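Trainee: I'd like to ask some things about the structure below.
Read-outs: derived from the displayed coordinates by stated rules, not from any lab. For clarity, every value in this text was computed on a predicted model and none was experimentally measured. All Cβ positions, even for glycine, are placed from backbone atoms using ideal geometry, and neighbour counts span all protein chains on display.
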Amino acid sequence: MEDDVEFTSEADAMHALMVQRVNDLADSHEGTTAAAELVAIVAALVAYEAKRWPLGKVAGSKRSGQKSATFLTGGGRPHLQSIFSS
């Protein structure tokens with residue numbers, strides 16, 4: 001059980017870094033390398049969030065006030081149109 005907690009903590013820390021990178025890339029223009037990076041990171045975040053928080057956000061939790069990658073994509077598979085029109 002302790003190993004699971006350590007893994008979760010490390011995975012959540014990596015998730016936070018990836019969310020920060022998405023924020024950094026938020027003003028990317030479609031067709032650029034930065035936009036391609038943004039799409040790839042959002043795809044990874046959506047997959048991670050679906051496994052980590054299968055029920056979505058939990059009211060009152062530390063995560064409840066954060067925008068998720070799923071929010072950015074409307075819950076579907078990420079693509080440029082959904083990300084750049086958010």
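Trainee: Fewest first, what order do 9, 28 take by the number of other Cβ atoms within 10 Å?
Mentor: Numbers: 9 10, 28 19.
So the ranking, lowest neighbour count to highest, is 9, 28.
Trainee: Just to confirm a number: summing +1 for Lys and Arg and -1 for Asp and Glu over residues other than residue 38 whose beta-carbon lies under 13 angstrom from that of residue 38, what do you get?
Mentor: It works out to a net charge of -3.
Trainee: Continuing with the same structure: Tell me the net charge near residue 14. Cut-off is 14 Å between Cβ atoms, residue 14 excluded, with +1 for each Lys or Arg and -1 for each Asp or Glu. Please list the in-between numbers first.
Mentor: Values: positive: 21, 51, 52; negative: 6, 10, 12, 49.
Surrounding charge for residue 14 is -1.
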